[in-house]
Amino acid sequence: PQNKNAKYIFVVRNPKDCVVSFYHHTVGFPRHYNFADGHFDTYFNLFLNGQVDHGDYFDFTRTALNHKDDPNVLFLRYENGRANSREYVLQIAKFLNEDVYPAKLLADNERLLNLVLEHSSLKSMKKDPTRWCSDRMGYQPFIRRGSTGGWRELMSVDQANKLQERLDEVFSKEELEFLGEHYHK
């Protein structure tokens, strides 16, 4: 975080799911990435070596984790948001302004909260994909699955082990436990 007066929300996602999702994203934007015919094994190695958009997942997460206890940082796990969207939204609202936003979301029989949940759902986001990106005709939709655990569709056991080795190199056991069950054996 560069400004102590700003608020930062960092969402971390299991690198196994992250690399699969980012692979589909990259393949689906041939005009941006020139990787439409690229293979997952190639992309996996690029990801593992930090040679993808936004650089190295592990270094970036390492830096963010160093600030997880800063008062102007909210550190969230993607998997928790998928498991309980309601609590996720309320947690963000409380972080942004505890005195204002939670009460507004919960007022009037949770009308505003329900609207936020409805419009931020995958089902809603899939209705009009051009809201989120340029045309992807002939490719998978931009909003694909948003699930957790889907990494098994493309990733080999050897690749999963390589990611785990990298996690174990970069993070302590306590940090991996903080990140959640998806980040350690």
Computed label-point distance, nm, for sites T63 and S121 using a 7 Å Cα→Cβ extension = 3.7 nm
ask   = Among the listed pairs K7/K94; K16/K127; K16/K162; K16/K68, which are separated by more than 19 Å between their Cα atoms?
value = K16/K127; K16/K68
query = Accessible area, 1.4 Å probe, largest first: how do K162, K104 sort?
reply = K104, K162
message = Rolling a 1.4 Å sphere over the protein heavy atoms, what is the accessible area per residue of the chain, to the nearest Å²?
response = 61 Å²
remark   = Listed by chain and number, the aspartates and glutamates with an alpha carbon less than 14 angstrom from that of K173, same-chain partners under 8 positions apart left out, are E165, E181
request  = Measure off, as a whole percent, the carbon and sulfur share of the 1.4 Å-probe accessible area of segment 15-69, all protein chains present.
outcome  = 47 percent
key: Cα-based radius of gyration of segment 37-116 once divided by 2.2 N^0.38 Å, which approximates compact folds   = 1.53
key: Hull volume in cubic angstrom per residue (convex hull over the Cα atoms of segment 1-90)   = 123 Å³
note = Total charge of the residues flanking L48 in space, meaning their Cβ is under 10 Å from its Cβ, with Lys and Arg +1 and Asp and Glu -1, is 0
key: Rounded to whole Å, sorted largest first: equivalent-ellipsoid semi-axes of the chain, Cα gyration tensor   = 29, 23, 15
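The values are calculated or read from the model by the stated rules, or taken from the named source; none is laboratory data. All of these numbers come straight from a predicted model, not from anything done at the bench. Ideal geometry is used to build each Cβ from the backbone, glycine not excepted, and the neighbour counts take in all protein chains shown. Side chains are part of the model used for accessible areas, which takes the heavy atoms of the whole protein and leaves out ligands, DNA and RNA. Shrake-Rupley method; radii C 1.70, N 1.55, O 1.52, S 1.80 Å.
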